[in-house]
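Asker: Before I ask anything, let me first share the structure, which is written out below as structure tokens.
The values are calculated or read from the model by the stated rules, or taken from the named source; none is laboratory data. Everything numeric in this text was worked out from a predicted model, so none of it was measured. All Cβ positions, glycine included, derive from the backbone under ideal geometry; neighbour counts span all protein chains shown.
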Amino acid sequence: MQHLNLDDLGQYSDVVLSRSGAAVTVRFVELHDADALQAYFRGLSVRSRYNRLMGAASELPAGQLDKFIHVGEADSFSVVATISRDGSETIVGEARYAFDEATSRFELGLSVADSMQGQGIGAALLSNLECRAAALGADQLFGDTLRSNEAMLALARKAGFTFAPTPGDWKQVRFVKQIDTVPTANPCVVWRLAAQSLQPILA
Ligand SMILES: CC(C)(COP(=O)(O)OP(=O)(O)OC[C@H]1O[C@@H](n2cnc3c(N)ncnc32)[C@H](O)[C@@H]1OP(=O)(O)O)[C@@H](O)C(=O)NCCC(=O)NCCS
């Protein structure tokens, strides 16, 4: 798997567009994001948080927060989607993807702040994750979501994922997508850097 330069995570930042054309930065989470990220999770509606964490929780459990901010550990990566508001950066979404070496698959989960949902940010974030996963050599991307989560199911369907039962949990459904194409539209920086170096990015 590609080795990211963990001392300079900022270089892997992308700008994606909401449906209205507003710029949204997608960047790796850094250690200093811990408080803002936790505030983001606390600020989600009960329903959104339940859907994201697959259970009732008022915030991101401490152990998970620790994992979120340590990008690259255990081949797991977290990004935040941010916008600039009154000169300061605000987290409006997050996503986490983890590489499984044995299957070359990435598992993902994501959320968008309730006040920002329905503006195309989830779709843009998911597309960016696909690019990041492709650059890391993933063959397949998948996620598990509650069967009742219509928004996530519709988002995944629209993004070309197919569906399968989640092993061992009838309340969830697995969305799966084969990653076999070179990203062409607005490729992520991780991809561009790999292409520029003309080096195989898998170590
Ligand atoms: C699922 C989620 C990430 C979607 O993000 P979003 O920014 O609102 O989605 P987008 O605006 O990009 O919508 C993209 C497509 O998803 C579908 N969609 C999004 N919200 C929907 C809703 N409430 N109902 C039905 N379809 C919906 C639509 O097909 C939409 O395309 P369209 O607007 O052109 O029809 C967001 O609802 C969320 O954060 N939910 C809470 C956390 C969660 O459920 N995470 C998933 C766990 S894996």
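Asker: From the list Ser84, Ser48, Ser78, which one is of a type in the set (Gly, Ala, Ser) and in contact with a Phe, Trp or Tyr (Cβ under 6 Å, 6 or more places away or on another chain)? Walk me through how you get there before you give the answer.
Answerer: On the way: Ser84 fails: in contact with a Phe, Trp or Tyr (Cβ under 6 Å, 6 or more places away or on another chain); Ser48 fails: in contact with a Phe, Trp or Tyr (Cβ under 6 Å, 6 or more places away or on another chain).
None of the others qualify; the one that does is Ser78.
Asker: For Phe175, are the conditions met, namely being at pLDDT below 95, buried (at least 19 other Cβ atoms within 10 Å of the Cβ) and assigned to a strand (DSSP E or B)? Write out each step before concluding.
Answerer: Details: at pLDDT below 95: no; buried (at least 19 other Cβ atoms within 10 Å of the Cβ): yes; assigned to a strand (DSSP E or B): yes.
Spelling it out, it is not the case that Phe175 is at pLDDT below 95, buried (at least 19 other Cβ atoms within 10 Å of the Cβ) and assigned to a strand (DSSP E or B).
Asker: Pairs only if they're at least six apart or on different chains, beta carbon under 6 angstrom, first in the stretch 181-198 and in a helix (DSSP H, G or I), second modelled with pLDDT under 70 and surrounded by 14 or more Cβ atoms within 10 Å (Cβ to Cβ); list them, first residue then second.
Answerer: Pairs found: Trp191/Pro183; Ala194/Ile201.
Asker: A further question on this structure: Filter the stretch 91-121 down to the residues that are within 15 Å of Gly43 (Cβ to Cβ), more than 6 Å from the ligand (Cβ to nearest atom) and surrounded by 16 or more Cβ atoms within 10 Å (Cβ to Cβ) and list them by number.
Answerer: Residues satisfying the conditions are Ile91, Val92, Gly93, Glu94, Ala113, Met116.
Asker: Give all pairs with beta carbons closer than 9 Å in which a residue from the stretch 139-162 that is of a type in the set (Val, Ile, Thr) meets a residue that is surrounded by fewer than 19 Cβ atoms within 10 Å (Cβ to Cβ) and at pLDDT below 95; count only pairs at least 6 apart in sequence or on separate chains.
Answerer: Matching pairs, first to second residue: Thr145/Met54; Thr145/Thr166; Thr162/Gln178.
Asker: For the stretch 35-56, what are the residues that are surrounded by fewer than 15 Cβ atoms within 10 Å (Cβ to Cβ) and either assigned to a loop (DSSP other than H, G, I, E, B) or within 15 Å of the ligand (Cβ to nearest atom) (or both)?
Answerer: Matches in the stretch 35-56: Arg42, Gly43, Ser45, Val46, Arg47, Gly55, Ala56.
Asker: Filter the stretch 128-156 for residues that are surrounded by fewer than 19 Cβ atoms within 10 Å (Cβ to Cβ) and either within 6 Å of the ligand (Cβ to nearest atom) or part of a helix (DSSP H, G or I) (or both) and give the result.
Answerer: Residues satisfying the conditions are Glu150, Ala151, Leu153, Ala154.
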